[in-house]
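Single-structure report; data block below.
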Amino acid sequence: MLMMNPAHHFTEVITLIQQARQRAVASINRELIELYWNVGTYISQKVEISEWGDGTVMQLADYLQQQHPDWKGFSYRGLYRMRRFYETYRDAPEFLTALLSKISWTNHLIILAQCKTPEERQFYLLLTTKERYSTRELERQIASGIYERVMLSPNVETVRTQLQEKGHNLISDGIFRDQYVFEFLNLPERHSERDLQRALIQNMKRFLLELGRDFTFMGEEYPVQVGMRDFRLDLLFYHRDLRCLVAFELKAGPFEPEYLGKLNFYLEALDRDVRKPHENPSIGILLCASTDQAVVEYALSRTLSPTLVADYTRQLPDKHLLEAKLAEFYQLNQADSEDN
């Protein structure tokens, strides 16, 4: 007897197989991370009570190689990394240690090698778990200085306040920032808004990596009708976590205050005619080639809609410069706290 739609049933079987494979991989990763944690714990405790030294750890590595040459990852360097892994997170809060088995060992090694502070490590652990970064994606995000960019975003707090006033119940760190990095677009210095829009569409997978996986693309030149006139949004997304529409307006030049009026108009139209009853109020992101923070602050001070003004760069930022700016930012905050 023929089924009415065999392809539908076949697809369901494929989904079941894929889900089982994903669970199996996750289970193997949990066991592996737990093993490395336990080995690191054992070595660290032996070293702390002066029962073992570096020479003993070297002997252990040689012994394991001799007894089990097919076991990979247990060289002296590998054992050192396991010890460091344990010592880095042994005093971490419980919610953080619960995440350790959710990302791959390779990603752990990247975070351990490239993150300098507990706050930075925590940021990337949370982000990697949430976004399910591959090794290449995590390396790109660290190289782009996403941690420093989020921490240095002066307008994000304004957006959070606006979102809370509009009834958003869930505000997640790292969703919004003041600068986006589009090194993957290969845009020339002189380019139009249409060039920018077309390049983002053609590189949507990488664009979504920069935005975050909770962003779902809904369309370009998204039509909005008000009265007898038709308008078109540059880019429209939906954010699953915030449960709201996110409108992007693109500007290939510097920020001008009058741009906000048009974006607020679009947000009002989305909320009235496109937003569904169970969804939160729409959010607008005005993406410009450059911004003057003083002008942005003044322009946003009277804006009622949740709106963020951000700029974009066509190349990876100087991470050392970002780190220096962040250190200066922390020093200023500490000085302000001491004065108060």
Given (1) open to solvent by less than 10 Å² (accessible area, probe 1.4 Å); (2) in contact with a helix residue (DSSP H, G or I) (Cβ under 6 Å, 6 or more places away or on another chain); (3) modelled with pLDDT under 95, where does F176 come up short, assuming only one miss? (1)
What's the number of the only condition in (1) in a helix (DSSP H, G or I); (2) more than 28 Å from C115 (Cα to Cα); (3) among the hydroxyl-bearing types (S, T, Y) that Y36 fails to meet? (2)
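Yes or no, residue by residue, for (1) at positive phi; (2) not hydrophobic (A, V, I, L, M, F, W, C):
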residue	(1), (2)
E12	no, yes
T15	no, yes
Q18	no, yes
E31	no, yes
N38	no, yes
V47	no, no
S50	yes, yes
L60	no, no
Can you confirm whether L286 is within 21 Å of the chain's Cα centre (by Cα), hydrophobic (A, V, I, L, M, F, W, C) and not in a loop (DSSP other than H, G, I, E, B)? yes
Anything in region 110-126 that is surrounded by 15 or more Cβ atoms within 10 Å (Cβ to Cβ) and either of a type outside the set (A, V, I, L, M, F, W, C) or under 23 Å from I28 (Cβ atoms) (or both)? List them, or say none. I110, I111, Q114, E120, R121, Q122, Y124, L125, L126
Quick check: anything in region 127-136 in a helix (DSSP H, G or I), open to solvent by 40 Å² or more (accessible area, probe 1.4 Å) and either aliphatic (A, V, I, L, M) or in contact with a helix residue (DSSP H, G or I) (Cβ under 9 Å, 6 or more places away or on another chain) (or both)? yes
How many residues does region 18-43 hold that are open to solvent by 80 Å² or more (accessible area, probe 1.4 Å), at pLDDT 85 or above and either β-branched (V, I, T) or in contact with a helix residue (DSSP H, G or I) (Cβ under 7 Å, 6 or more places away or on another chain) (or both)? 3
Filter region 193-221 for residues that are outside any helix (DSSP H, G or I), open to solvent by 50 Å² or more (accessible area, probe 1.4 Å) and either of a type in the set (V, I, T) or at negative phi (or both) and give the result. R213, T216, F217, M218, E220
Go through region 277-326 and give me each residue that's over 23 Å from P188 (Cβ atoms), open to solvent by less than 60 Å² (accessible area, probe 1.4 Å) and polar (S, T, N, Q). N280, S282, T303, S305, T307
With respect to the numbered conditions (1) surrounded by 13 or more Cβ atoms within 10 Å (Cβ to Cβ); (2) more than 28 Å from I146 (Cα to Cα); (3) under 34 Å from the mean Cα position of the chain (by Cα), which one is the sole condition not fulfilled by K46? (3)
Looking only at region 83-105, filter to residues that are open to solvent by 30 Å² or more (accessible area, probe 1.4 Å) and touching a Leu at 6+ places or on another chain (Cβ under 9 Å); which one of those is nearest to R30 (Cα to Cα)? S101
Among the residues of region 257-276, the number that are assigned to a loop (DSSP other than H, G, I, E, B) and either at pLDDT 95 or above or over 30 Å from L185 (Cα atoms) (or both) is 3
Just checking, which of L250, L235 is without any contact (Cβ under 8 Å) to a residue 40 or more places away in the chain, within 16 Å of A310 (Cα to Cα) and either β-branched (V, I, T) or open to solvent by less than 10 Å² (accessible area, probe 1.4 Å) (or both)? L235
Taking region 64-108, which residues are without any contact (Cβ under 8 Å) to a residue 12 or more places away in the chain and basic (K, R)? K72, R77
Over 29 Å from A143 (Cα atoms) and modelled with pLDDT under 95 - does that describe any residue in region 71-79? yes
When you scan region 302-312, do you find a residue that is modelled with pLDDT of 85 or more, within 30 Å of S192 (Cβ to Cβ) and assigned to a helix (DSSP H, G or I), even just one? no
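The values are calculated or read from the model by the stated rules, or taken from the named source; none is laboratory data. The shown structure was predicted, so the numbers you read here are calculated from the model rather than taken from an experiment. With ideal geometry, Cβ positions are generated from the backbone for all residues, glycine too; neighbour counts draw on all protein chains shown. Heads up: the accessible areas ignore ligands, DNA and RNA and are worked out on the full protein's heavy atoms, side chains in. Shrake-Rupley method; radii C 1.70, N 1.55, O 1.52, S 1.80 Å.
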